[in-house]
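The block underneath contains the structure these notes are about, expressed in C-alpha cells.
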Amino acid sequence: MASGLTANEREGGRLSPLESYLHVLHALMLRDMRTRFGGTLWGYGVVVMWPCVHILMLIAIYSFQHMPAPVGNSVPLFFATGLVPVLIFQYVSREVMKATMANKPLTYYPQVKLFDLILARVLVEIVTGFLGLLVVVSVLIATGTDPRPVDNFLAVTAYLSSILLGIGIGVINVAIVGFFPGWLVGYALFNIVMYLASGIIFMPSFLPEKVYYWLKFNPALQLAEWMRSAYYPNIGVQVDYLYVIIFALTSMVLGLLILKHIVSKRS
C-alpha cells in the first residue's frame, strides 16, 4: 500500500486524506475478494449463486412431497421472500466478524484501522448480496414467477434493513470475538437456530399465539415477515419495524464502542 501511494504522489503530488483513505479501502476490498474467492470469477460466482441453491433445494423438497406454499400460489416466490432478507442478514453479520479475524495482521500498517477492515467487508458483502438478488430474480422470472412486489417501498426497506441488521450484529460479533475467538463457532450454531426460527419454510403467524409471541423477538423473523408483507399484503402480520431498526443500531453502536475503548486497547 505504501509503495502505491508513493507512486501516486510522484505522478500528481500528495494525495488528500480522503483520496488516501479511498485507496486503502479499495486495496482492502480487492485483497478481500482475491483471498476469499480464489481470485477467479468462478469462486465469486459460487458465493453469488448460493441463495439460488437454497431456494432450489427447498422447492425440490416441497415438490417431491407435493406440498403447496403456505400462502400464495407460488412456492418459489414464498421461499424467495423469506430467504433473501434472512440470508443477506446472516451473510453480512458472519462475514464482517470473519473479516477482522482473517485480516487482523493488516492493522499493523499505520494506514489500516480495524474499522477499515469492517467497512471493506461490508461493501463487498453489499455488492455480493445485490448480485445474488439479481440471480434470484432471474431464476424466478425463468420459472414463470412474477418477482415484482405489491408494495415496492416495503420490499426495498426490508432489503435495506436486512443489510443494516447484518452490519449491526456483525460489529457486535467483532467485539465479542475480540474477547472470545470461539464465538465464531458459537455464532454459526446460533445462526442455525435463528434460520430455523425465522419462518423461511413456514408461516410463524399460523402457530399458537404464545409461541408466535416469543418467536417475534427474533429480528430475522421480523425481516422475513417484512419482506413477505410487501408481496402478500393480506397475510395479516404485524411487523415491528422500529424493533428491527433499533436492534440493528443499538448493536452497531455498542459494538463500535467496545471496539474503540476496550478491544483496540487490548490489541
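Using the average count of surrounding beta-carbon atoms within 10 Å as a protection proxy, the listed peptides 74-86, 230-242 rank, highest first, as 74-86, 230-242. Charges on Cβ only, +1 for Lys and Arg, -1 for Asp and Glu, centred on the Cα centroid of the chain; of PHE247, ILE141, PHE130, which one is farthest towards the dipole's positive end? The Cα lying farthest towards the positive end belongs to PHE247. Averaged over its residues, the chain has an accessible area of 54 Å² per residue, based on protein heavy atoms and a 1.4 Å probe.
Overall, the chain carries a charge dipole of about 740 debye about its Cα centre when +1 sits on the Cβ of Lys and Arg and -1 on the Cβ of Asp and Glu, all other atoms neutral.
For the range 56-110, the share of accessible area belonging to carbon and sulfur comes to 67 percent (1.4 Å probe, ligands and nucleic acids excluded).
Comparing Cα centroids, the range 130-151 and the range 194-215 end up 25 angstrom apart.
Taking all Cα pairs closer than 8 Å and separated by 6 or more residues, the relative contact order of the range 193-267 comes to 24 percent.
Atom-type composition of the exposed protein surface of the range 195-245 places 68 percent of the accessible area on carbon and sulfur (1.4 angstrom probe). Applied to the range 186-199, the Karplus parametrisation 6.51 cos²θ - 1.76 cosθ + 1.60 on θ = phi - 60° returns per-residue 3J(HN,Hα) values of x, 5, 4, 5, 5, 4, 4, 5, 4, 4, 5, 9, 8, x Hz, with x for Gly and Pro. Considering helices alone, the calculated mean residue ellipticity of the chain at 222 nm is -24500 deg cm²/dmol, with DSSP H runs of length four and up weighted by -39500 (n - 2.57) and normalised per residue.
The values are calculated or read from the model by the stated rules, or taken from the named source; none is laboratory data. This one's a predicted model, so the numbers in the text were calculated from it and none came from an experiment. Positions of Cβ are backbone-derived with ideal geometry, glycine not excepted, and every protein chain shown enters the neighbour counts. Surface areas here come from the heavy atoms of the whole protein model, side chains and all, with no ligands, DNA or RNA. Shrake-Rupley method; radii C 1.70, N 1.55, O 1.52, S 1.80 Å.
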